[in-house]
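One structure, pasted below without further comment.
Coordinate-derived values only; no laboratory data. None of these values were measured; they are calculated from a predicted model. Note: ideal-geometry Cβ built from the backbone for every residue, glycine included; neighbour counts use all protein chains shown.
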Amino acid sequence: MASTYTSELRIEKIGTGEQSGSWGSTTNTQYDILESAISGTVNVAFASNGNDALTTANGSDDEARHMVINLTGGSTLDATRDMVVPTSAKLYIIRNGTTGGQSVRIIGASGSGITIPNGKTMFLRHDGTNVVNAFDHVATITASGDITSAGTVNVTGDTAAGDDASIGFTAAEGLILTGQGSTNDVTIKNDADADVLEIPTGTTNVTVVGDITAGGNLVSTGTVEPAGDTAAGDNAAVGFTAAEGLILTGQGSTNDVTIKNDADADVITIATGGTSVDIVGDVTASTVNADGDTSAGDNAAMGYTAAEGLILTGQGSTNDVTIKNDADADVLEIPTGTTNVTVAGSITSGTIILPATDTDTSNTGSITIDFSAHQNFVLTLTGSITLANPSTEAVGQSGVFVFIQDGTGSRTLSLGTDYESPAAGGITLSTGANAVDVVPYFVKASGSIQLGAPQLAFA
């Protein structure tokens, strides 16, 4: 009986009684080609810039029988070309080493094929009809070392509870990472082997070790609970400490922190580098408890000290402080830069204590009386004086002038036009050294200060 050949690898099967005296040579040849099928490598060059086919031969060496096939140059390809493999079922490891940078499709005489990118190697299987990716037919791969892919790794199944470490995919969930550890179920690390993101074991929580940088919005259907302090220089940070509670820290050219309403309008601002809070609208509170002193230059400030109690400090072009009623009418004013108080209406009180007496021990030349600061005036004359027209008198104000001659005496008194004397006769003082004269006054109107008759030479 003549020799036959296997259908897949074309190995010669010597017929019974055949090749007497030469069967050993034939057998050795079949061992060689069998080894090629298991581990052999062959370089195959495209015969032309077109499709080509692997050579086949029964019982002798051929291209198609080798396990590893390296497709090489020969002709420079200018498009994707086909390399046709035999229709017999077989595994191949094929590398596209052709010139021209083109892909090569591995295909049988019929059916579908697999395209190998230039410079890449693939593990393929011809199933008798189609050329397919051999790994599509592997249920599980266990690797003791690294798995390296020059392309993508496409997973097509769901992971399961209890997976130590698995990657999966479903149409609904997309890419899935599932793990199981004593501390974390999933840990993502950087190149320095430091934790970046953690999912603690058995939880749905995510712990981010470093900063989160987002190009868009951060949206949470639950609460966001920071667990660390912020730091100087943070552009925008939310933090928490047991002592400080919730912390908002920012850094801007105008404000460090700005809180806005839904209309994007500022509500609360903290100016850059400052400790002051600017509230754009009204402040509504049960009470406002100030705990610090105000300072000169405050536009409008409320403060408190143990000694001064409640402090109101302001700075305006007309008044430093103005207290108004509900009709926006001034009730009480402190004119800018003065210690005077102007009351627009009446004062109702059980007792009114008038301003202090001005005791001035040295007076000569022109004297301007400040009626807003004092009610009574005790003036020692060290020279002759003139009472210049004042601007601070208040209608209805009254009091007395006490004029005291110094040790020299003979000092005289002249009056500005706002001062009116009985019969327009002026006021003649006692001339004796150390003489004391008392002159009462009453403010009838602005620019009209009426002086009474002097009481002279009090002992």
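For region 358-458, list log₁₀ I(q)/I(0) at each q in 0.10, 0.23 Å⁻¹, using the Debye formula over Cα point scatterers of equal strength and ignoring solvent, two decimals each.
-0.23, -1.31
Treating the angle as unsigned and between 0 and 90°, give the value, to the nearest 10°, between the Cα long axis of helix 23-39 and the longest Cα principal axis of the chain.
Tilt of helix 23-39: around 10 degrees.
Using alpha carbons only, how many angstrom separate the centre of region 264-286 from the centre of region 368-437?
Region 264-286 and region 368-437 have Cα centres spaced 54 Å from each other.
Would you mind ranking 56, 249, 213 so that the residue whose beta carbon has the fewest other beta carbons within 10 Å leads the list? Mind dumping the intermediate values first?
Numbers: 56 15, 249 18, 213 5.
Listed from fewest to most nearby Cβ atoms, that is 213, 56, 249.
Give, in nm to one decimal, the length gained when the segment between residue 56 and residue 458 is fully stretched (0.36 nm per residue of separation minus the Cα-Cα distance). Mind dumping the intermediate values first?
Numbers: separation 402, 0.36 × 402 = 144.72 nm, distance 14.93 nm.
That pair, residue 56 and residue 458, stretches by 129.8 nm at full extension.
Next question, about the same structure. Calculate the translational D of the chain in whole µm² s⁻¹ from Stokes-Einstein, where the hydrodynamic radius comes from the Kirkwood formula applied to all Cα pairs, the temperature is 25 °C and the viscosity 0.890 mPa s. Can you show the working numbers first?
On the way: Rh = 35.1 Å.
Here the translational diffusion coefficient equals 70 µm²/s.
Ranking 275, 342 by Cβ neighbours within 10 Å, fewest first, what do you get? Don't skip to the end; give the middle numbers.
On the way: 275 7, 342 15.
Exposure proxy ranking, most exposed first: 275, 342.
Once every Cα of region 236-279 carries one equal point scatterer and solvent is ignored, give the base-10 log of I(q)/I(0) from the Debye formula at q = 0.16, 0.30 Å⁻¹, two decimals.
Calculated log10 I(q)/I(0) at the listed q: -0.46, -1.07.
Let me ask something else about it. Nearest 0.05, what FRET efficiency do residue 448 and residue 362 give at R0 = 25 Å with Cβ-Cβ as r?
On the way: r = 29 Å, r/R0 = 1.15.
Between residue 448 and residue 362 the formula returns 0.30.
In terms of Cα to Cα distance under 19 Å, which aspartates and glutamates are near enough to residue 13, apart from those fewer than 8 places away along the same chain?
32, 35, 61, 62
Please arrange 125, 411 by counting, for each residue, the other beta carbons lying within 10 Å of its beta carbon, fewest first.
On the way: 125 18, 411 22.
The order, fewest Cβ neighbours first, is 125, 411.
Another question about this same structure. Run the quick spin-label model on residue 278 and residue 207: label points 7 Å from Cα toward the beta carbon, then report their separation in nm to one decimal.
About 4.2 nm, to one decimal.
With labels modelled as points extended 7 Å from the Cα through the Cβ direction, what inter-label distance (nm, one decimal) is found for residue 242 paired with residue 338?
In this crude spin-label approximation the distance works out to 5.8 nm.
For the pair residue 180 and residue 231, what calculated FRET efficiency results from E = 1/(1 + (r/R0)^6), where r is the Cβ-Cβ distance and R0 = 45 Å, to the nearest 0.05?
On the way: r = 35 Å, r/R0 = 0.79.
Efficiency for this residue pair is about 0.80.
Moving on. Tell me, what is the FRET efficiency for residue 286 and residue 392 to the nearest 0.05, using R0 = 35 angstrom and their Cβ-Cβ distance as r?
0.30
When you take every Cα atom in region 1-62, what is the radius of gyration, and what is Dmax, the widest Cα pair distance, in Å?
Cα radius of gyration and Dmax of region 1-62 are 14.4, 48 Å respectively.
Additional query: Tell me the Kirkwood hydrodynamic radius of region 4-137 in angstroms, computed as one over the mean inverse distance between distinct C-alpha pairs. Each step should come with its number before you reach the end.
Details: mean 1/r = 0.0644 Å⁻¹.
Value: 15.5 Å, from the Cα pair sum.
State the Kirkwood hydrodynamic radius of region 84-232 in Å, one decimal place, computed from all pairs of distinct Cα atoms. Before the final figure, lay out the partial values.
Working: mean 1/r = 0.0504 Å⁻¹.
One decimal place: 19.8 Å for the Kirkwood radius.
Please identify which residues in region 270-286 have an amide N closer than 18 Å to a label point set 7 Å out from the Cα of residue 258, following the Cα→Cβ vector.
270-281
Give me the number: length gained by fully extending residue 129 to residue 223, i.e. 0.36 nm times residue separation minus the C-alpha to C-alpha distance, one decimal in nm.
Details: separation 94, 0.36 × 94 = 33.84 nm, distance 5.81 nm.
Taking 0.36 nm per residue and subtracting the Cα distance, the gain is 28.0 nm.
Please compute the modelled spin-label separation between residue 161 and residue 87, points set 7 Å along Cα→Cβ, answer in nm with one decimal.
Here the modelled spin labels are 5.2 nm apart.
How much length is gained on full extension from residue 191 to residue 7, taking 0.36 nm per residue of separation minus their Cα-Cα distance?
61.1 nm is the gain from fully extending residue 191 to residue 7.
Here is a follow-up. Using bins 5 angstrom wide from zero, how does P(r) for region 200-244 break down, in % of all Cα pairs?
P(r) over region 200-244, rounded to whole percents: 5, 13, 24, 28, 19, 9, 2, 0.
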